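The values are calculated or read from the model by the stated rules, or taken from the named source; none is laboratory data. From a predicted model like this one, the values you see are computed outputs, not experimental measurements. Cβ: placed from backbone, ideal geometry, glycine included. Neighbour counts: every protein chain shown. Please note that ligands, DNA and RNA were not included when accessible areas were found on the heavy atoms of the full protein model with its side chains. Shrake-Rupley method; radii C 1.70, N 1.55, O 1.52, S 1.80 Å.
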Amino acid sequence: MENKFSILLLTSCLILAFGCKKNESLVKEDLANDLAPFFTPGKGFRHVYTVSEATAGFVSFFQSKDLSATDDGKLHWVYDRHNPFSKSRYLYRSTINASTGELLPTQGKPVDKLADNYQWYNNANDINKGDRVNFVPYTGNLYLSYQSAGGTFSASGDVPRFDYLDYSFNQHPYIYANGDVYMSFFETGSTDIARVYSRITTFIWRNGIKSKGAGIARQLWNYRDMAIDSLWHKAISFPAGNNGESLACTFDEHSIYLYDDKGKVVATTPFAGRKFPTTGDSYAADIKWYAKTSKDMKKVTLMVADVDRKEAVYYYSTFSIDVATKKITVLVNNASIAKTPPMDFDLDGNIYYGSYPEQQGAVTEVIKVNASGGKSVIATNFIGRQLVEKLYALNGKVYITAVSTATVKGENVTRLTLLESN
């Protein structure tokens, strides 16, 4: 139990120092006194694990980067600690027994060996404002995507290293459960002043070989006809099984469209999408897409966030796709959620998000939006006075990470707590 609450709580990590000697009187037991501060058990969540670190008088915060749950009852967690006023960032990974909260030996590479000649977060070149680290779904295999020498973007770690494209694409890859590496993006451009086109483009790396995936290009706007194609609410591409095939999905205010790797429409279904305005400096709606697959790759669930720029409200929808039949099922349909709280979705299309106190006396809640669009509170008033910073829906459970700080024996202490739904 003592190892569970040690200062570093890690088996493979970088040696931490912010250039200042820590208070030697602050021992492990001091840090363990308040492992889940402001947490009330029995209200929908239970405490799994807490990372604690004395900060030696500096401002320092933990931040969860990704979480994965495996069938053997283990949680695989990657997180970092940083000083918001400097470039100092340190990356960690831990393996935890989900039932007991016991720290287990970490499999895979130490975080300082994920890439050669690399320092976490110091290689970023506007690639979504930072380097990224993720687990391959349903596994404890960790990979890092970053800018390597010569402006090439690379990924490596517990997966074979691959180099992909150049800085002009400014994209992170995503590795799906079958091991295929995807980079999917939407772009607009013009062939001349009178014509604007839009394009869904996908690149796939499978067994080390790069190929083009599902996508299509078409004219978005024509000056002579003064007509705009309403189809493109951006798009996402994803694997269609285990054999290298891919599909791409997009929608408009009438329907959802599914394309194969030849640009052919293979399925449509009615959908009351929001029509986006054509005024302003963009002809494309402000859309964000997310995808999850089942472990056997037979099912794909998508979540799309459509922002209302004027009202500052996101409209969230989820769709499921049967890979074999290409059937599209609309689940959540344009559920409105203010701002962008910690959020995730499961394979059944349910959306979970956390609301956190913004004023004195408010309570923290975790809310579920089910496939019919109804909202229900699954936990309330179980934690307070700290920031719920991430939420993960994994294997039928909801996990929350929460940040807190305290002063122990005059020493600043920062914590990152992992909670699991009952």
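Phi-derived couplings, Karplus 6.51 cos²θ - 1.76 cosθ + 1.60 at θ = phi - 60°, listed residue by residue for segment 406-412: 7, 10, 10, 6, x, 9, 6 Hz, with x used for Gly and Pro.
Ranked by the mean number of other Cβ atoms within 10 Å per residue, highest first, peptides 234-244, 298-308, 320-330 order as 234-244, 298-308, 320-330.
Amide H to amide H, with H built 1.01 Å from N, A240 comes under 5 Å of E245, S246, L247, counting only residues 5 or more places away or on other chains.
Rounded to the nearest 0.05, what FRET efficiency is calculated for A217 and V377 with R0 set to 45 Å and r the Cβ-Cβ distance?
With a Förster radius of 45 Å, E is 0.50.
Ranked by the mean number of other Cβ atoms within 10 Å per residue, highest first, peptides 251-259, 40-48 order as 251-259, 40-48. The modelled label-to-label distance for the pair T100/D71, using points 7 Å beyond Cα in the direction of Cβ, is 2.3 nm. The candidates F186, F61, F271, arranged from most to least accessible area with a 1.4 Å probe in the full protein assembly, appear as F61, F186, F271.
Across R199, R93, R206, the residue with the most accessible area heads the list, and the full order at a 1.4 Å probe is R199, R206, R93. Whole-Hz Karplus values for segment 201-209 come out as 10, 9, 10, 10, 10, 10, 6, x, 10 Hz, taken residue by residue from phi with 6.51 cos²θ - 1.76 cosθ + 1.60 and θ = phi - 60°; glycine and proline positions read x.
Each residue of segment 265-274 is assigned a 3J(HN,Hα), and the resulting list reads 6, 9, 6, 9, 8, x, 7, 8, x, 7 Hz, derived from the Karplus form 6.51 cos²θ - 1.76 cosθ + 1.60 (θ = phi - 60°), x at Gly and Pro.
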